1. Let's test the formula: R0 of 22 Å, r as the Cβ-Cβ distance of residue 79 and residue 19. What FRET efficiency results, to the nearest 0.05?
2. What FRET efficiency comes out for the pair residue 152/residue 188, r = Cβ-Cβ distance, R0 = 41 Å, nearest 0.05?
3. In nm, to one decimal, how far is the residue 123 label point from the residue 108 one, both placed 7 Å along Cα→Cβ?
4. Along the principal axes of its C-alpha atoms, what lengths does the stretch 13-72 span, in descending order and rounded to whole Å?
5. Using the 10 angstrom Cβ neighbour count as an exposure proxy, how do 107, 96 rank, fewest first?
6. Under 15 Å from a label point 7 Å along Cα→Cβ of residue 37: give me every residue in the stretch 69-107 with its amide N that close.
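No value in this document is a laboratory result; all are computed from the given coordinates. Quantities reported herein were computed from a predicted structural model and do not represent experimental measurements. Here Cβ is always computed from backbone atoms with ideal geometry, including for glycine, and neighbour counts include all displayed protein chains.
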């Protein structure tokens, strides 16, 4: 019960709009992933919502969107659960880049694709090797199998397949996030934890979101 109360206070500290953004981010991830599958695109597009929520609401909400999206996908595709850590890291990174103002700039948004792709490519390849023996049941697995058939060893084939695939995925992902953020009305940024970044204002001097009650105490007069 105590942990539930702590979690509730934590979410309240982020505000109602952030709580509302979490299911929206999950839905965006699902829709993006389904579009990529239906159109047989050589990309995933399943982390757009994670990065969007992280970039506008902070690292923790972004990580939560990634974790919940992965948990939902694992219901029909259990092997994806092993890659949940990637989604969490994407959300954490997005929060940091958002706080630094990267998603205010087209070129910095584009540049952010590199660290996202490095996480997805390197860590994703390691998970594929450690958990699935080097071959996962997705489009990347087909590429890996082809490279191995051509004489490349399994470990090298994993990294050679994962990195280009992740670069190809993260470039449109971060540009879509940038475009969505550009279209968000200013009146909504006021209600988002990182909205001050996109409004060009200094960071508000508030207590940490983990202790909203302390914020009220600090707002009162001091003797």
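1. Plugging the Cβ-Cβ distance into 1/(1 + (r/R0)^6) gives 0.15.
2. Working: r = 49 Å, r/R0 = 1.18.
Efficiency, rounded to the nearest 0.05: 0.25.
3. So the two model labels end up 2.2 nm from each other.
4. 41, 17, 17
5. 107, 96
6. Backbone N within reach: 69-81.
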